[in-house]
1. What about B:LYS76, is it at pLDDT below 95 and either part of a helix (DSSP H, G or I) or open to solvent by 80 Å² or more (accessible area, probe 1.4 Å) (or both)?
2. Restricting attention to region A:104-125, does a residue exist that is over 25 Å from the mean Cα position of the chain (by Cα) and either away from chain B (no Cβ under 14 Å) or at positive phi (or both)?
3. Restricting attention to region B:23-34, does a residue exist that is farther than 23 Å from A:LEU152 by Cβ, away from every other protein chain (no Cβ under 11 Å) and not hydrophobic (A, V, I, L, M, F, W, C)?
4. Among the residues of region A:163-173, how many are within 27 Å of B:LYS42 (Cβ to Cβ) and within 14 Å of chain B (Cβ to nearest Cβ)?
5. Taking only region A:148-162 into account, find how many residues are under 15 Å from B:VAL67 (Cα atoms) and within 12 Å of chain B (Cβ to nearest Cβ).
6. B:LEU12 - would you say it is out of contact with any helix residue (DSSP H, G or I) (no Cβ under 6 Å at 6 or more places or on another chain), more than 12 Å from every other protein chain (Cβ to nearest Cβ) and modelled with pLDDT of 95 or more?
7. Name the residue that is farthest from the other protein chains (Cβ to nearest Cβ), counting only residues in region A:131-145 that are in a helix (DSSP H, G or I) and surrounded by fewer than 11 Cβ atoms within 10 Å (Cβ to Cβ).
8. Any residue at all in region B:59-68 that's away from chain A (no Cβ under 11 Å) and not polar (S, T, N, Q)?
Amino acid sequence: MLRLTTGRVGCLLARRATAALTTSSTRMASKEVSESVDMSQPMYWDRVDIPLPDKPYKDVLTDADKSLKQKEKGPWGQLTKEEKIALYRLTFCKTYPEMKQQTAEWKTVIGGIFFFLGFTGIVIWWQSVYVYPPRPRTFDDEWKSQQLKRMLDMKINPIQGISAKWDYEKGQWK
Amino acid sequence: MSLPKPMMRGLLAKRLRFHLPIAFTLALTAAIAFKYTVTEPKKQAYADFYKQYDAIKDFNAMREAGVFESVQPTGK
């Protein structure tokens, strides 16, 4: 939860991002330090499982906002619809439907999965060419058939196993 | 809003009263099924095999096939 991926802080750094994204030519060289969020202060989060974050979204209010907050202290029936929406947007950045919007992240995930599967395939092919020792002779068909014949001669597993399935009189599988 | 007070106690006991008999029955059924599908046929297979088993004949067959080191096939 303490990870701050760039996608997640969309609303958090919205106010600072506008300052951070100004072109470098308009900023002095000494100010090109990346803005970091002070995580010891209460933070605002847009999270589906935390409906009431630690602090409201906008805490520096303009005068118009302040007068609106004063009006909020009175009866709410006197607030117009636009004022109610403005008050909501003061406290919260995104609504629940906005938070739950589907992203196209799954495409990146699936693409990443396939990419790394492909890379693993390349690694495995390279290993089979440059790393593996020569094939043991016990894998040859001739060796394997001689091995099976010896197992049947020794009557391995004669009751329920392999020798039980071999017909000794006819010399073939049952 | 007068909601009825929810159940505060005895939740585990209630769950166990429901699930334990089922668990015991299923375990018992599994054991009985295993006994009659696996162990009984296996015992029968072994009994049938050894009813008609001639150890000397088996030994001679293996000897002729040449798998022993202590005895050679007859004829060598």
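1. Details: at pLDDT below 95: yes; either part of a helix (DSSP H, G or I) or open to solvent by 80 Å² or more (accessible area, probe 1.4 Å) (or both): yes.
Judged against the criteria, B:LYS76 is a match.
2. Start the filter on region A:104-125 by keeping residues that are over 25 Å from the mean Cα position of the chain (by Cα), which leaves A:124-125.
Those left that are additionally either away from chain B (no Cβ under 14 Å) or at positive phi (or both): A:124-125.
Taking every residue of region A:104-125 in turn, at least one turns out to be over 25 Å from the mean Cα position of the chain (by Cα) and either away from chain B (no Cβ under 14 Å) or at positive phi (or both).
3. In the first step, residues of region B:23-34 are kept if they are farther than 23 Å from A:LEU152 by Cβ; the result is B:23-34.
With away from every other protein chain (no Cβ under 11 Å) added as a condition, the list becomes B:23-34.
Remaining after also requiring not hydrophobic (A, V, I, L, M, F, W, C): B:25, B:29.
Taking every residue of region B:23-34 in turn, at least one turns out to be farther than 23 Å from A:LEU152 by Cβ, away from every other protein chain (no Cβ under 11 Å) and not hydrophobic (A, V, I, L, M, F, W, C).
4. So in region A:163-173, the residues within 27 Å of B:LYS42 (Cβ to Cβ) come out as A:163-170, A:172-173.
Still in the list and also within 14 Å of chain B (Cβ to nearest Cβ): A:163-169.
Here the count works out to 7.
5. We begin by selecting, within region A:148-162, every residue under 15 Å from B:VAL67 (Cα atoms); these are A:148-156.
The next check asks that each one be within 12 Å of chain B (Cβ to nearest Cβ); those that pass are A:149-156.
Residues that pass the stated criteria total 8.
6. On the way: out of contact with any helix residue (DSSP H, G or I) (no Cβ under 6 Å at 6 or more places or on another chain): yes; more than 12 Å from every other protein chain (Cβ to nearest Cβ): yes; modelled with pLDDT of 95 or more: yes.
Spelling it out, B:LEU12 is indeed out of contact with any helix residue (DSSP H, G or I) (no Cβ under 6 Å at 6 or more places or on another chain), more than 12 Å from every other protein chain (Cβ to nearest Cβ) and modelled with pLDDT of 95 or more.
7. The qualifying residue farthest from the other protein chains (Cβ to nearest Cβ) is A:PHE139.
8. From region B:59-68, those away from chain A (no Cβ under 11 Å) are B:60; that's our starting set.
Now narrow it down to the ones that are not polar (S, T, N, Q): none.
The answer is no; no qualifying residue exists.
The values are calculated or read from the model by the stated rules, or taken from the named source; none is laboratory data. Treat the numbers as computed from the prediction; the structure is a model and nothing was measured. Heads up, the Cβs are rebuilt from the backbone with ideal geometry, glycines too, and the neighbour counts pull from every protein chain shown. Ligands, DNA and RNA are excluded from the accessible area calculation, which covers all protein heavy atoms including side chains. Shrake-Rupley method; radii C 1.70, N 1.55, O 1.52, S 1.80 Å.
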